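The block underneath contains the structure these notes are about, expressed in structure tokens.
The values are calculated or read from the model by the stated rules, or taken from the named source; none is laboratory data. Values in this document were obtained by computation on a predicted structure and should not be read as measured data. Heads up, the Cβs are rebuilt from the backbone with ideal geometry, glycines too, and the neighbour counts pull from every protein chain shown. Only protein heavy atoms, including side chains, enter the accessible area calculation; ligands, DNA and RNA are left aside. Shrake-Rupley method; radii C 1.70, N 1.55, O 1.52, S 1.80 Å.
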Amino acid sequence: MGCLLSTPDYTKENRRKTRNVGEIVVFVPGLRIPKAMDFSGQLGDGFSRSLVDRLSALRTRIVVMTTEEGSVPSPKSRKTTTRHGGGSAMADLQQALEDYLPVLLGLAQNKETCMGNCWYEVISVLHLMAMLSLRQANLLLLPKTPSENYHSKVSEAAESRRASVDIFLKAAGYLDFAVQNVLPQFPTQLRKDLPLDLAEGVLRALCQQALSQGVDIQLGMAIDSVKATTAVKRRLACEMVTYWHQAQQNITNIPLANEWGEKHKLFVTWKYIESKVAAYYYHGLILEEGNGERSHAMAAASLQAADEFLRESKKACEAFNEAPPFSRNPPVWGTIKYLMEKLPKDASSDVKEKDPQSHEGITHLAAPALPEFALSLKPDEYRFPPVDPSWNNEL
């Protein structure tokens, strides 16, 4: 968050420097730690003292709490995590932001005093709320260890995964609203002066990341369900490819010249490749159900493509983890665990057993095109809260 009603110097926004971010399921490109400021000096005598003091107090609370929360999920914060969400510190910070926003909106909507960088403060709040949601999802999805005295039963793990989908949609809702409703409030020059991590492409990429990771959880639950058909799993996998492709398109050409930005790009690249593993695997299984040599040949080509993307994704994962700030993967689980166990065997033997005479010839077939499906997950519909009643006598 930045200085209101003054010449914005967005380049001074910072994240806490760290060399290791620990285990990651959901990448969060750091928390943007706001600068301290005094509203009384910025707003002068145009508003009541009580209102100015309240704005200052609410914002100071956020500055302190964001600084304490930092930019990485530490083992300590993981111990405070419940199966329903995140640690109490994150919940408190989320509440502080929700308390601040209605009061801030009164300032942003005051045409006599507000300049475009009031909306910078608003979009920064929405960005922070979205990052907290993604951070919450990461902590929720990290496997619980015996040292945490948490007996993660199958039913509890499934509950955590279902809860994470709702959190992903909430995060996507904040980001989508920021793009659709807040960015248009900026004067042209101030929009150009925004930090790159608040650029439209980055916000869209984060939104699509949240949706894709939500679909990934849904696919994992479908794999665990005896009722889910192969066609349903293929559809989810192909949707995931589309979301990650859109995320990559939005973020690739943005010059994010910092460690967090470059690591975010590597995360998107890794997950885009990984999503193709599932899509080509399930597409291959569907093609196997067809009749005729051509269908079986295309099935083999699709499974081989999945196997090649699996090897490529492992390299992309290593590149992501080795890029600063360093990270590591938790024990493999969910969709990718299933594919690692099933794919090598299926790709090398399943189709060969059906038609051993033609197997050598079909190894050189190009992978078939993936089918396209309408995207089923949409961001939650977010709306601004009502302006705080304290503005009734000010507007």
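Summed over the stretch 196-238, residues that are in a loop (DSSP other than H, G, I, E, B) and closer than 23 Å to residue 126 by Cβ total 1. Taking (1) at pLDDT 85 or above; (2) over 30 Å from residue 320 (Cβ atoms) in turn, residue 66 satisfies each apart from (2).
Yes/no matrix, rows are residues, columns are (1) open to solvent by 50 Å² or more (accessible area, probe 1.4 Å); (2) of a type in the set (D, E, K, R); (3) touching a strand residue (DSSP E or B) at 6+ places or on another chain (Cβ under 7 Å); (4) within 27 Å of residue 180 (Cβ to Cβ):
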| site | (1), (2), (3), (4) |
| --- | --- |
| 194 | no, no, no, yes |
| 215 | no, no, no, yes |
| 223 | no, no, no, no |
| 237 | no, no, no, no |
| 242 | no, no, no, yes |
| 265 | no, yes, no, yes |
| 268 | no, no, no, yes |
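Residues that are hydroxyl-bearing (Ser, Thr, Tyr), at pLDDT below 65 and assigned to a helix (DSSP H, G or I): does the stretch 100-123 have at least one? No - not one qualifying residue is present in the stretch 100-123.
Residues checked against (1) at pLDDT 90 or above; (2) in contact with an Asp or Glu (Cβ under 7 Å, 6 or more places away or on another chain); (3) in a loop (DSSP other than H, G, I, E, B); (4) over 19 Å from residue 220 (Cα atoms):
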{"site": "276", "(1), (2), (3), (4)": "yes, no, no, no"}
{"site": "285", "(1), (2), (3), (4)": "yes, no, no, no"}
{"site": "290", "(1), (2), (3), (4)": "no, no, yes, yes"}
{"site": "295", "(1), (2), (3), (4)": "no, no, no, yes"}
{"site": "300", "(1), (2), (3), (4)": "yes, no, no, yes"}
{"site": "319", "(1), (2), (3), (4)": "yes, no, no, yes"}
{"site": "338", "(1), (2), (3), (4)": "yes, no, no, no"}
{"site": "341", "(1), (2), (3), (4)": "yes, no, no, no"}
{"site": "348", "(1), (2), (3), (4)": "no, no, no, yes"}
